[in-house]
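Q: Handing you this structure, nothing more for now.
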Amino acid sequence: MTSSPAHFLKYLGAITTTIVFVFLSVQISYAVTVEPGPVCDISATVLNVEKTRTNIAGLGYPPRKDFDYYAVELSVHISTVYQDTGVGSCASLNNTKQNVIIQTHEYDKFPIAIGQYIKGRVQYRGDEWFNGYFLFDMAALGILRNLGVGSTGIDVTLLQIKLQELGYFATKTKTTKYFGLITKHAVQLFQKANNISLTGFVGPLTRAALLRSFTSSLQCLPPDITVNDVTNATPDLNHTDPLTGVPLVNKTTVKEKMSQLGAHCDEQSRLLNSAGKGIIFYHLSGCWVPPLPYNAEEILNTQRAEITELNKIYDVVEMTCNPSGLPLAP
């Protein structure tokens, strides 16, 4: 039996329609973003770190731009709830291996290495390209090996960043992966402040002192303050989140602020700055959406007056009422 041209064209049209329908169905489902999960505070060990580039421009809706990120495999030891929103459970992360994503600007702030013990905050906000957790507000804890002049690696960068935070490594000096004479001098300054022999070599005693400095200022925080709470937040209008298109936010966390102040706990578990002045936290009001309260100006003036008086006795850390840093919707 032979098919006429009309039958062939009808058959071809049916196939084409099916292909187009399937293609559109794939495109539509491919662009659906998975509902974000809860925000979880984790402690974990880094199993693997790999810089990855994805080319996703024009592959779905909405269109995305190319960008770099780090794919990190973690062994999660403890996971607790920070914000119980979305689907899923923080408890499900306990004692599991997870693949997480770190955006470049976060990694540059806190570089991590295989074997590193870290604390951080994660949220599942995968979509058709990233079916996993994003790690942010992280802190790499401890130096994993002895370091000296000539050593190279990401842990040297971590050492330099920590020495910068403590005031021993000039902030104008660019961090590198190389342990040179500038780093040696900074280590000697740290050793002098911690009653360690001035060898300039990061051995067991110096590594232990550095680990204490990573955590000592965080042990006597008030119970309503966590290390990842935001003290200040402003939108970065020049950079946007590649997943959402929302402006990134320049944030100063409590952990970063404590490093800036040289914070430490004394024998009475009081939180002090580098000059020995007590540190307290002041929660600002004022994140109101229109219409404003009739006495808004009075409230703000009262807060300003209180902070002025408190600053005579304490080092006051003002806690933002708008951690997102983004404009509040009316």
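Since every read-out is calculated from the coordinates, none of them should be taken as a lab result. Small disclaimer: the values here were computed from a predicted structure and weren't measured. Because the Cβ atoms are built from the backbone with ideal geometry, glycine has one as well, and the counts that use them run over all protein chains shown.
Q: Figure the gain on full extension for S89 and D241 (residue separation times 0.36 nm, minus the Cα-Cα span) and round it to one decimal in nm.
A: Working: separation 152, 0.36 × 152 = 54.72 nm, distance 2.46 nm.
Separation in residues times 0.36 nm, less the Cα-Cα distance, equals 52.3 nm.
Q: Using Cα-only point scatterers and the Debye equation, what is log10 of I(q)/I(0) for region 181-330 at each q in 0.09, 0.13, 0.18 Å⁻¹, rounded to two decimals?
A: The Debye formula, applied to the Cα set alone, gives -0.43, -0.79, -1.13.
Q: Calculate how large, on average over all directions, the projected area of the Cα convex hull of region 156-217 is; give the answer in nm² to one decimal. List each step's numbers first, then the result.
A: Numbers: hull surface 15.2 nm².
Computed as one quarter of the Cα hull surface, the answer is 3.8 nm².
Q: Report the semi-axes of the equivalent ellipsoid for region 230-319 in whole Å, largest first, where each axis is √(5λ) for an eigenvalue λ of the Cα gyration tensor.
A: On the way: eigenvalues 163, 105, 14 Å².
Sorted largest first and rounded, they come to 29, 23, 9 Å.
Q: List the chymotrypsin sites (Phe, Trp or Tyr not before Pro) within region 221-330 that DSSP assigns to loop and that have no more than 13 neighbouring Cβ atoms inside 10 Å. Walk me through the intermediate numbers first.
A: Numbers: sites: F281, Y282, W288, Y294, Y314; in loops: W288, Y294, Y314.
When the chymotrypsin sites (Phe, Trp or Tyr not before Pro) of region 221-330 are filtered for loop state and at most 13 Cβ neighbours within 10 Å, W288, Y294 remain.
Q: Something else now. Where a Cα-Cα gap under 14 Å defines reach, which aspartates and glutamates qualify for K162, not counting those fewer than 8 residues away within the same chain?
A: D108, E256
Q: Turning to a different aspect of this structure: Looking at region 230-319 only, what percent of DSSP beta bridges run antiparallel? Nearest 5 please. Walk me through the intermediate numbers first.
A: Working: 10 of 15 bridges.
If I count the DSSP bridges inside region 230-319, around 65 percent turn out antiparallel.
Q: So, one more: Once both labels are modelled 7 Å past Cα along the beta-carbon direction, what's the I182-T104 spacing in nm?
A: Modelled inter-label distance: 2.2 nm.
Q: What is the order of H264, H185, H239, fewest Cβ neighbours within 10 Å to most? Display every interim value, and only then the final one.
A: Working: H264 19, H185 15, H239 12.
Lowest to highest Cβ neighbour count: H239, H185, H264.
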